[in-house]
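Q: I am attaching a structure below and will ask some questions about it afterwards.
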């Protein structure tokens with residue numbers, strides 16, 4: 001698997017499997033995969049499916065055609081960002097933020113294959129992923145202030161943690177277009193590769209996160225790292241770590257991890273994310 005092919009399927013998102021890796025593809029190539037509410041709902045539903053399927057070890061998200069995601073679909077014209085509410089005084093939830101939070105909550109590692117230009121929500125919804133692999137022609141547009149709005153999709157929380165506050169301020173307040181090289185320099189992406197290799201590299205990166213590892217331990221580790229990034233002190237981390245070690249230490253995977261090491265063989269972990277995940281938060 002190398003190049004990302006265009007698909008004739010009319011669904012806003014299509015999914016397929018590369019063995020234990022689930023690939024979620026944004027599928028509006030004729031609109032540069034511009035984001036819609038329907039697409040957001042489809043992404044969240046796909047992640048519900050991958051969380052529930054113990055045969056899925058990791059998720060890769062990518063785009064069809066020449067772009068990853070051009071941002072919000074602006075075909076509605078000047079009223080595009082006039083979100084409708086269900087009741088007077090109610091503030092509707094940001095659709096991009098709902099996708100970001102669903103990625104944040106994923107029980108499986110998430111890697112994004114940024115196969116071309118990406119702007120607005122097309123950038124911000126990727127920030128809760130664990131890794132971003134970019135094609136060499138990728139560009140990242142933090143263009144919100146140039147559209148008269150503000151950064152969304154929880155990016156005011158995620159972006160400074162990934163690239164540092166000064167860089168986040170420069171990119172967002174200036175409505176910057178950021179090259180793949182600059183994104184790599186500041187840690188937004190972890191690798192830049194030729195366009196025809198980006199999906200294969202992302203799948204390989206996903207396998208690095210899951211090969212020989214216990215699925216339940218990976219799920220808990222992912223949540224520990226993300227959630228403790230916003231903790232007030234190390235005491236909160238100590239409390240969460242203690243629960244994790246306590247519960248996992250009594251489960252079959254811990255015994256198998258030690259035994260397989262002593263016996264110099266590959267581990268065969270049997271605890272399942274869908275049934276055996278301890279509640280430590």
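Q: Kindly indicate which of 144, 140 is without any contact (Cβ under 8 Å) to a residue 40 or more places away in the chain and buried (at least 20 other Cβ atoms within 10 Å of the Cβ).
A: Criteria check complete, one pass: 144.
Q: Restricting attention to segment 7-30, which residues are part of a loop (DSSP other than H, G, I, E, B), within 26 Å of residue 204 (Cβ to Cβ) and in contact (Cβ under 8 Å) with a residue 24 or more places away in the chain?
A: The answer is 7, 20, 27.
Q: Which of (1) in the same structural domain as residue 107 (by TED's automatic domain parsing); (2) not in a loop (DSSP other than H, G, I, E, B) is the odd one out, the single condition residue 189 does not satisfy?
A: (2)
Q: Return yes when residue 94 is modelled with pLDDT of 85 or more, assigned by TED's automatic domain parsing to the domain that holds residue 142 and surrounded by fewer than 19 Cβ atoms within 10 Å (Cβ to Cβ) and no when it is not.
A: Against the criterion (modelled with pLDDT of 85 or more, assigned by TED's automatic domain parsing to the domain that holds residue 142 and surrounded by fewer than 19 Cβ atoms within 10 Å (Cβ to Cβ)), residue 94 qualifies.
Q: Output yes when any residue across segment 31-43 is at pLDDT below 95, part of a strand (DSSP E or B) and crowded, with 21+ Cβ neighbours inside 10 Å, and no when none is.
A: No, the conditions are met nowhere in segment 31-43.
Q: Determine whether residue 88 is farther than 28 Å from residue 182 by Cβ and either surrounded by fewer than 22 Cβ atoms within 10 Å (Cβ to Cβ) or at pLDDT 95 or above (or both).
A: On the way: farther than 28 Å from residue 182 by Cβ: yes; either surrounded by fewer than 22 Cβ atoms within 10 Å (Cβ to Cβ) or at pLDDT 95 or above (or both): yes.
Answer is yes for this residue.
Q: Quick one: would you say residue 169 is in a helix (DSSP H, G or I) and either surrounded by fewer than 24 Cβ atoms within 10 Å (Cβ to Cβ) or touching a strand residue (DSSP E or B) at 6+ places or on another chain (Cβ under 9 Å) (or both)? Steps first, please.
A: Values: in a helix (DSSP H, G or I): yes; either surrounded by fewer than 24 Cβ atoms within 10 Å (Cβ to Cβ) or touching a strand residue (DSSP E or B) at 6+ places or on another chain (Cβ under 9 Å) (or both): yes.
Judged against the criteria, residue 169 is a match.
The values are calculated or read from the model by the stated rules, or taken from the named source; none is laboratory data. The structure displayed is predicted, hence computed values, not measured ones. Virtual Cβ from ideal backbone geometry, glycine too; neighbours counted across all protein chains shown.
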